[in-house]
Each structure stands twice: as structure tokens, then as C-alpha cells.
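Novice: Below is a structure I'd like to ask you about.
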Amino acid sequence: MADVSVTAAEVEAYYNRHLDEYRSDRSISFTHIFFAETTIDRDAEKIARDLLSQLRADGAAPAEASRYGDRFLYRLNYADANARSIINEFGVEFVDDIFKISSGAWRGPLRSDHGWHLVFVSRVQRERILAFEEVQPRVQDDALAEKREAAMDETLDELLDRYQINVTYE
């Protein structure tokens with residue numbers, strides 16, 4: 001089998017045929033205030049709701065979040081976090097809810113695997129198809145791999161055509 005290469009046109013054509021393979025994950029940037037359910041008689045959700053009213057009335061900025069709530073196991077601020085990383089730290093229910101809320105104000109309370117949260121979403125990046133220029137080296141590798149596989153298949157077919165296999169049963 002000869003060396004295999006791909007032209008720029010072949011790479012671009014491959015990209016256009018496989019757009020779904022070149023998507024960015026949705027991501028979100030947010031700050032949260034955590035409320036733990038540490039005892040059976042502590043209503044963490046109500047505490048969060050009451051603070052939400054206060055934060056909204058005071059126009060509290062996300063930078064002030066560390067002054068409120070309980071210490072969270074992970075981080076206070078999340079920048080461009082994808083759904084998978086949020087699920088790992090907060091749980092499935094939380095990730096479903098956080099991507100539904102609008103940005104620019106305190107929202108909640110949202111339930112997580114750990115308790116309740118007030119959330120200030122600063123940015124949401126929806127899933128999108130990445131521009132060719134963003135993924136060109138990866139697309140070139142993928143197109144080359146596909147072309148190599150096709151060349152290998154063709155070579156194997158040619159070799160198999162040269163031989164005849166006879167099976168006899170006794």
C-alpha cells in the first residue's frame with residue numbers, strides 16, 4: 001500500500017460530511033451559594049428562598065456570594081463548565097435545572113445531590129457546530145484515517161481476489 005495523504009479539498013469535504021462529529025459541548029459560567037441540609041429540622045430550601053429575596057432587593061453581585069450560605073465541597077465559581085462536570089459535582093437534577101434558567105440575576109433555589117443552591121448565571125454557551133478553522137487539524141487526522149482505512153480495504157480485496165479458497169467436507 002502506497003503512502004496515503006489528503007488534500008485540503010478532501011479535508012474540507014470530510015468535515016462537511018461529518019459535521020455532527022465536530023460539536024462543542026454546551027457550557028455555563030455561574031456562581032452559587034450553597035445551603036446544606038445538616039439537620040432534620042433545618043429547612044435549607046426556605047433559608048435559600050429567604051436569602052434570594054434579600055439578594056435581589058440588595059442587588060447583590062456574584063462577587064459577594066462567599067459571604068452567604070454554607071461551605072460547599074467543591075467550588076464557588078464555575079467558568080465554562082460542561083454538563084458532565086456539573087453532574088459530577090452537583091448531580092443530574094441540578095444540571096437539568098441550571099441550563100433552563102436565564103442569566104444576569106440570582107435564581108433558585110435549585111436542588112443538588114448535596115442540598116440547595118442559589119445561582120447567578122453569567123454566561124451560557126449552547127451546543128454548536130465548531131467552525132472548520134477551530135478543528136482543522138483534527139478533521140485532517142480523521143479524513144486521513146478514513147482514507148487509509150479505505151486504501152487498506154482495497155488492498156485486502158485485491159489480495160483476496162488473487163486466491164481461491166476451496167472447502168471440502170469429508
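Here, each number is a calculation from the coordinates, and none is a lab measurement. Since we're looking at a predicted model, the values are computed, not measured. When we count neighbours, we look across all protein chains shown, and the Cβ atoms used for this are built from the backbone with ideal geometry, even at glycine.
Novice: Report, in whole Å, the centroid distance computed from the Cα atoms of the stretch 10-28 and the stretch 127-170.
Specialist: That distance is 20 Å.
Novice: Same structure, new question: I need the chymotrypsin sites (Phe, Trp or Tyr not before Pro) found in the stretch 73-170, filtered to DSSP loop residues with at most 15 other beta carbons within 10 Å of theirs.
Specialist: TYR74, PHE99, TYR163, TYR169
Novice: Per residue of the chain, what 222 nm ellipticity follows from adding -39500 (n - 2.57) for every DSSP H run with n ≥ 4, rounded to the nearest 500?
Specialist: Working: 5 runs with 70 residues, N = 170.
The helix contribution divided over the chain gives -13500 deg cm²/dmol.
Novice: Next up: Projecting each Cα onto the charge dipole of the stretch 19-170 (Lys/Arg +1, Asp/Glu -1 at the beta carbon, about the Cα centre), which of TYR22, ALA36, GLN125 comes out farthest on the positive side?
Specialist: Result: ALA36.
Novice: Where the only charges are on Cβ atoms (+1 Lys, Arg; -1 Asp, Glu), what is the dipole of the chain about its Cα centre, to the nearest 20 debye?
Specialist: Details: 21 positive and 33 negative charges, 284 e Å.
With only Lys, Arg, Asp and Glu charged at Cβ, the dipole is about 1360 debye.
Novice: With 10 angstrom as the radius, rank ASP142, ASP25 by how many other C-beta atoms surround their C-beta, starting from the fewest. Don't jump to the answer; show the numbers that get you there.
Specialist: On the way: ASP142 18, ASP25 14.
Sorted ascending by nearby Cβ count, the order is ASP25, ASP142.
Novice: Would you list ASP70, ASP41 from fewest to most Cβ contacts within 10 Å? Each step should come with its number before you reach the end.
Specialist: Values: ASP70 15, ASP41 5.
Neighbour counts put them in this order, fewest first: ASP41, ASP70.
Novice: Tell me, what is the percent relative contact order of the chain, built from C-alpha pairs under 8 Å that lie six or more residues apart?
Specialist: Values: 215 pairs, mean separation 61.4, N = 170.
Rounded, it is 36 percent for the chain.
Novice: Just want the ordering: LEU118, LEU110, from fewest to most Cβ atoms lying within 10 Å of their own Cβ.
Specialist: Details: LEU118 24, LEU110 21.
In increasing order of surrounding Cβ atoms, one gets LEU110, LEU118.
Novice: With a cap of 16 neighbouring Cβ atoms within 10 Å, and only residues DSSP puts in a loop, list the GluC sites (Glu not before Pro) found in the stretch 83-165. All intermediate terms of the calculation are to be shown ahead of the outcome.
Specialist: Numbers: sites: GLU89, GLU93, GLU127, GLU133, GLU134, GLU146, GLU149, GLU154, GLU158; in loops: GLU127.
Here the GluC sites (Glu not before Pro) that fit, given the DSSP loop and packing criteria, are GLU127.
Novice: Starting from the Cα of SER66, step 7 Å along the direction of its Cβ; do the same at ASP41; then give the gap between the two resulting points in nm.
Specialist: Once both label points are built, they end up 3.3 nm from each other.
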